[in-house]
Amino acid sequence: MDHAGLLAVATEAVAIGRRIVTSRAPRSVTEKGERDLVTDIDLAVEDAVREFLARETPGIGVVGEEHGGDRGPLWWALDPVDGTANFARGLPLTGISLALVSGERSVVAAIDLPFLDTVYTAAAGHGAFAGDARIGVSGVRELAGAMVSLGDFAVGEDAGPKNRLRLSLLEQLGARSQRVRMIGTAAADLAWVAHGRLDATINLSNLPWDTMAGVLLVREAGGLVLDTDGSEHTVASASTVALSPGLRDVVLSLLT
């Protein structure tokens, strides 16, 4: 199956997730780690999407946030509900994120923001889209004109040292950028950089189910996605920094 066929599979997979997410409120919310939530809807979406992908692409494995999985040369990275904390409280900032990863880079991506009625898609070499409309990153070049989002604060063991850099970033960006946002879903952060609604997002982690779909969207929309040292982002990167090309140097300077 070529990229166009695989993109059609990915788009239908996140649509299956949308239908479950919008069908009802979660009935159970539990902690799977320190301040790390999972709902019955997360589990239902992952189960349904896995079943669909196993039927449509039986030779391709799935790595999901809730059930894990094995990576092969080609594998799906699935976040059934990105922004679970938002979703559990009835906030509409949540998404279903699915990427097809080949080697260390994503080649197909679909992100559905069900409560905002928007689906983002991309295939390597074919551009990024919101619905049927092609999208592109902003042309912002000055931090003073940039809206920048930050990923969530770290939790669990060693959270204190990890969060010192986040607090430093918050202070610097608060003093120099147009606005700072913490949205609570990496899928939306990255999709909105691709769409030019955000000018940059800095996520000091890189879980593939959170990031790999959005990374392809940003690149196909003309943006950059880097690690904090300026190297090109891959599935093995420590962090995920996505931005309009004109902001590269100034944003990276805040991370060193």
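Across region 19-143, the fraction of Cα-Cα pairs farther apart than 24 Å, rounded to a whole number, is 35%. When +1 charges are put on Lys and Arg Cβ atoms and -1 charges on Asp and Glu Cβ atoms, the dipole computed for the chain relative to its Cα centre reaches about 660 debye. Taking the longest Cα principal axis of the chain as reference, the axis of helix 40-56 is set at about 70 degrees. With the simple model of a label 7 Å out from the Cα in the direction of the Cβ, His126 to Leu207 spans 2.9 nm. Computed from Cα atoms alone, the Kirkwood hydrodynamic radius reported for the chain is 18.0 Å. Placing pseudo-labels 7 Å out from each Cα toward the beta carbon at Arg181 and Glu56 gives an inter-label distance of 2.8 nm. Note on Ala15 and Asp229: the model spin-label points, each 7 Å out from Cα along the C-beta direction, lie 4.3 nm apart.
Between Asp117 and Ala25, the C-beta separation translates, for a Förster distance of 25 Å, into a calculated FRET efficiency of about 0.85. Using a probe of 1.4 angstrom and keeping all protein chains present, the accessible surface of the chain works out to 42 square angstrom per residue.
As a rough guide to protection, the peptides 13-22, 184-193, 48-57 ranked by mean Cβ packing within 10 Å, highest first, stand as 184-193, 13-22, 48-57. Packing-based ranking of 228-240, 108-120 yields 108-120, 228-240, ordered from highest to lowest mean Cβ neighbour count within 10 Å. Summary of the geometry: region 106-146 and region 212-256, compared by the centres of their Cα atoms, lie 14 Å apart.
The values are calculated or read from the model by the stated rules, or taken from the named source; none is laboratory data. Predicted model only: the values in this text are computed from it and were never measured. Cβ: placed from backbone, ideal geometry, glycine included. Neighbour counts: every protein chain shown. Protein only, heavy atoms only, side chains kept; ligands, DNA and RNA dropped before computing areas. Shrake-Rupley method; radii C 1.70, N 1.55, O 1.52, S 1.80 Å.
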